[in-house]
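The block underneath contains the structure these notes are about, expressed in structure tokens.
No value in this document is a laboratory result; all are computed from the given coordinates. Everything numeric here is computed off the predicted structure, so don't read it as measured data. When we count neighbours, we look across all protein chains shown, and the Cβ atoms used for this are built from the backbone with ideal geometry, even at glycine.
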Amino acid sequence: MIRSMTGYGCAKAKVAGLNLSLELRSVNNRYLDLNIKLPRGFLFAEATVKSYLQEQISRGKVDAFFTIDSAEDERTRISVNKLLASAYRDAIHSIGTELNLSTVVSALDIARLPDVLSLEKEELNQEEILRELKPLVNAAIDDFNGMRVREGEKLRADLERKSERIAGLVEEIELQAPKTVKAYRDRLETKLREVLSESTFTEDRIVAEAAVFADRVSTDEETVRLHSHLSQFQKLLEEGSPVGRKLDFLIQEFNREANTIGSKCQDSDIAYLVVDLKSEIEKIREQIQNIE
């Protein structure tokens, strides 16, 4: 199946007792460019997550965002430093006694003092996290690839229509080319006879020379190669992703043959066909930039 490089996917799972979600987003890029955003405390898993993504994604600029539902974070608890709180209380009473001041102090007053309350989190079990991350990543990739396949099928249908249009233009060139070559050869023979009328060249030699020069404007080789390229193009579409780079290289060969036909043609009708041919090739080139 053909896959687009543009896509979105998401998944959620319980990882080490935490509700973790993953969002994948991608846009076109010549190579695979991964940008992974992990929560603090999960940074040790970046290399592993990267390898999971590389196994199933070959091209595109991909952003992977991991987020934790903090409301479900059961690892966080508040710790009370009772010794420090008692020390604060005693110090406050001592100051009040010595300075003859009121010492009415509430628990909230002491709780606001530095280091009386602190947040503590349980240490993460790295092995458990690495083990539980893979199903989450795979679920997000499945959702992500589902969208890319749907987009890819639309691209494939469009590319097939354009390749059929190119095949039709090549056939029109093939029908027109023999007439062009014959007309060119006839004109060339006439010119040669005028120039060589007083020389020792025989009629057969003039005809042979005209045929040699006329062969240089023949586009048979180019159209045959274009048919071969079209056949290979269809096979790559059937082969499925990742074929974006192969298609990119192949379309360059399409363009080379079209340019050669354009430089050889001695006929305005073929020139118009070549313009249409190059236009369709350029449309394909633009589209395959979206394929993985």
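Brief remarks follow.
- Sites Asp158 and Asn125 - FRET efficiency at Förster radius 51 Å, r taken between beta-carbons, to 0.05: 0.55
- Each Lys and Arg Cβ is given +1 and each Asp and Glu Cβ -1; about its Cα centre, the stretch 76-121 then shows a dipole of about 240 debye.
- Debye log10 I(q)/I(0) for the stretch 76-121, one point scatterer per Cα, at q = 0.21, 0.22, 0.23 Å⁻¹: -0.69, -0.73, -0.78
- Shown is the FRET efficiency for Val105 and Arg40, computed with R0 = 45 Å from the Cβ-Cβ distance and rounded to the nearest 0.05: 0.80.
- Between the stretch 1-62 and the stretch 227-292, the alpha-carbon centres lie 33 Å apart.
- Rounded to the nearest Hz, the phi-derived 3J(HN,Hα) couplings of the stretch 133-148 under the Karplus curve 6.51 cos²θ - 1.76 cosθ + 1.60 (θ = phi - 60°) are 6, 4, x, 5, 4, 5, 5, 5, 5, 4, 5, 4, 5, x, 5, 5, where x marks glycine and proline.
- Entries in Lys50/Lys278; Lys37/Lys283; Lys37/Lys235; Lys12/Lys162; Lys61/Lys283; Lys61/Lys162 that, when Cα-Cα distance is taken, lie over 30 Å: Lys50/Lys278; Lys37/Lys283; Lys37/Lys235; Lys12/Lys162
- The Cα-based radius of gyration and maximum Cα-Cα distance (Dmax) for the stretch 236-292 are 13.3, 41 Å.
- Estimated FRET transfer efficiency (Asp276, Glu174; beta-carbon r; R0 22 Å; 0.05): 0.90
- Taking amide H atoms as placed 1.01 Å from N in the peptide plane, the amide H of Asp33 lies under 5 Å from those of Gly60, Lys61, Val62, each 5 or more residues away in sequence or on another chain.
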